[in-house]
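I have placed the structure first, in the form of structure tokens, so that the comments after it can refer back to it.
Every read-out reported here was derived from the displayed coordinates using simple, explicitly stated rules and does not represent laboratory data. Source: prediction; values computed, not measured. Cβ placement follows ideal geometry from the backbone for every residue including glycine, while neighbour counts extend to all protein chains displayed.
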Amino acid sequence: MALPYVLPLAVHLLLEEPLLDAYFYEGDLLLAAVEAPASAWALMPDLAARLRGVITTLPETAVADLPRGAAEELARFAKGPGSPC
């Protein structure tokens, strides 16, 4: 329920520092954001597009340092809704 309020705040922070360590590890906020339901992102397509832009500029070395499966999650989100995996 809070996602329409929290996601814009998270994206604002992620635009400044994409791999922000919010609590657990570097990039944890980014991964939490991209794992939000598509229905939440559908309410804010402009923010989703801006976050996709940030994801596509991340260096491969930075993505490689994220936990297992993170690269796939980021790639899935970056492709956008309705894109084949």
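Which one is nearest to the chain's Cα centre (by Cα), of the residues in the range 15-28 that are in contact (Cβ under 8 Å) with a residue 12 or more places away in the chain and over 12 Å from Val54 (Cβ atoms)? Don't jump to the end; show me each part of the working.
The first filter runs over the range 15-28 and keeps only residues in contact (Cβ under 8 Å) with a residue 12 or more places away in the chain, leaving 15, 18-19, 25-27.
Narrowing the set further to residues that are over 12 Å from Val54 (Cβ atoms) leaves 25-26.
On the way: Tyr25: 14, Glu26: 13 Å.
Applying the filter and picking the extreme gives Glu26.
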- Item | Cβ-Cβ under 7 Å pairs, at least 6 apart or on other chains, the range 56-77 side within 23 Å of Ala40 (Cβ to Cβ), far side among the charged types (D, E, K, R) and part of a helix (DSSP H, G or I) | Phe77/Arg52
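Are any residues in the range 1-53 among the acidic types (Asp, Glu) and either surrounded by 15 or more Cβ atoms within 10 Å (Cβ to Cβ) or under 13 Å from Pro81 (Cβ atoms) (or both), and if so, which ones? I'd like the intermediate steps shown before the answer.
Pass one, the range 1-53, residues among the acidic types (Asp, Glu): 16-17, 21, 26, 28, 35, 46.
Scanning the range 1-53 gives Glu26, Asp28.
Could you run through the range 1-44 and say how many residues are under 21 Å from Glu72 (Cα atoms) and out of contact with any Gly (no Cβ under 7 Å at 6 or more places or on another chain)? Before you say what the answer is, go through the steps one by one.
Pass one, the range 1-44, residues under 21 Å from Glu72 (Cα atoms): 7, 10-11, 14-15, 17-22, 24-42.
Among the residues that remain, those that are also out of contact with any Gly (no Cβ under 7 Å at 6 or more places or on another chain) are: 7, 10-11, 14-15, 17-18, 20-22, 24-42.
Residues meeting the conditions: 29.
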